[in-house]
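Input: a single structure, listed below in C-alpha coordinates.
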Amino acid sequence: MSRTISSTVHPIQRCMAAANPAAWWDGLVTHVDGAEATIALLNGAAVRVRIIGPAVDIAAGEPVAYHPVAELLSARTVTTTARVA
(Lines give C-alpha, C1' and ligand atoms only; values in the text may rest on other atoms or scores of the structure.)
Protein backbone atom coordinates (compact mmCIF):
# COMPACT_ATOMS: atom_id res chain seq x y z
CA MET A 1 0.00 0.00 0.00
CA SER A 2 1.32 3.39 -0.99
CA ARG A 3 1.32 6.12 1.64
CA THR A 4 0.60 9.74 0.70
CA ILE A 5 2.02 12.45 2.94
CA SER A 6 0.01 15.66 3.01
CA SER A 7 1.66 18.92 2.02
CA THR A 8 0.82 20.20 5.53
CA VAL A 9 3.37 17.78 7.05
CA HIS A 10 6.65 19.58 7.63
CA PRO A 11 10.00 17.79 7.29
CA ILE A 12 10.62 18.20 11.04
CA GLN A 13 7.36 16.33 11.74
CA ARG A 14 8.53 13.44 9.56
CA CYS A 15 11.90 13.43 11.35
CA MET A 16 10.23 13.44 14.78
CA ALA A 17 7.95 10.56 13.82
CA ALA A 18 10.86 8.57 12.40
CA ALA A 19 12.97 9.22 15.50
CA ASN A 20 10.11 8.18 17.83
CA PRO A 21 8.36 5.24 16.15
CA ALA A 22 7.10 3.90 19.49
CA ALA A 23 5.13 7.11 20.08
CA TRP A 24 2.43 6.19 17.52
CA TRP A 25 -0.90 5.45 19.26
CA ASP A 26 -3.42 3.18 17.57
CA GLY A 27 -7.09 3.91 17.94
CA LEU A 28 -10.54 3.99 16.45
CA VAL A 29 -12.39 7.09 15.34
CA THR A 30 -15.50 7.49 17.49
CA HIS A 31 -16.85 10.82 16.20
CA VAL A 32 -16.16 13.17 13.29
CA ASP A 33 -17.34 16.78 13.18
CA GLY A 34 -16.00 18.63 10.16
CA ALA A 35 -12.22 18.83 10.50
CA GLU A 36 -12.26 17.52 14.08
CA ALA A 37 -12.23 13.88 15.09
CA THR A 38 -12.39 12.08 18.43
CA ILE A 39 -10.20 9.01 18.66
CA ALA A 40 -10.56 6.26 21.26
CA LEU A 41 -7.00 5.08 21.76
CA LEU A 42 -6.31 1.43 22.42
CA ASN A 43 -4.64 2.37 25.73
CA GLY A 44 -8.07 3.50 27.03
CA ALA A 45 -7.59 7.25 26.59
CA ALA A 46 -9.41 9.46 24.11
CA VAL A 47 -8.12 12.43 22.16
CA ARG A 48 -9.89 15.04 20.05
CA VAL A 49 -7.81 16.35 17.15
CA ARG A 50 -8.21 19.04 14.52
CA ILE A 51 -7.12 17.70 11.15
CA ILE A 52 -5.14 20.24 9.16
CA GLY A 53 -4.79 19.79 5.44
CA PRO A 54 -6.67 17.77 2.90
CA ALA A 55 -9.77 16.01 4.11
CA VAL A 56 -8.99 12.43 4.97
CA ASP A 57 -12.67 11.45 4.81
CA ILE A 58 -12.44 9.36 7.93
CA ALA A 59 -15.56 7.91 9.47
CA ALA A 60 -16.57 6.63 12.88
CA GLY A 61 -15.22 3.13 13.49
CA GLU A 62 -12.20 3.59 11.25
CA PRO A 63 -8.76 2.56 12.57
CA VAL A 64 -6.13 5.31 12.68
CA ALA A 65 -2.71 5.98 14.17
CA TYR A 66 -1.90 9.25 15.98
CA HIS A 67 1.58 10.55 16.79
CA PRO A 68 1.16 13.19 19.54
CA VAL A 69 4.81 14.29 19.49
CA ALA A 70 4.90 14.97 15.74
CA GLU A 71 1.20 15.92 15.60
CA LEU A 72 0.46 13.46 12.79
CA LEU A 73 -2.58 11.37 11.97
CA SER A 74 -2.36 8.36 9.71
CA ALA A 75 -5.65 7.16 8.26
CA ARG A 76 -6.20 4.95 5.24
CA THR A 77 -3.32 5.83 2.93
CA VAL A 78 -2.85 9.46 4.07
CA THR A 79 -0.63 10.94 6.76
CA THR A 80 -1.56 14.51 7.66
CA THR A 81 -1.12 17.08 10.42
CA ALA A 82 -3.48 16.74 13.39
CA ARG A 83 -3.33 18.93 16.48
CA VAL A 84 -5.13 18.46 19.77
CA ALA A 85 -8.39 20.38 19.57
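Laid out as a table, the results:
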| read-out | value |
| --- | --- |
| Every pair of residues 6+ apart whose Cβ atoms lie under 9 Å, when the first sits in region 1-21 and is surrounded by 10 or more Cβ atoms within 10 Å (Cβ to Cβ) while the second is at pLDDT 95 or above and part of a helix (DSSP H, G or I) | Met16/Ala23; Ala17/Ala23 |
| Residues satisfying the stated conditions in region 58-85, i.e. surrounded by 13 or more Cβ atoms within 10 Å (Cβ to Cβ) and of a type in the set (Val, Ile, Thr) | Ile58, Val64, Val78, Thr79, Thr80, Thr81 |
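The values are calculated or read from the model by the stated rules, or taken from the named source; none is laboratory data. Computed from a prediction, not measured in an experiment: that's the story for all the values here. We place every Cβ from the backbone using ideal geometry, glycine too, and count neighbours over all the protein chains shown.
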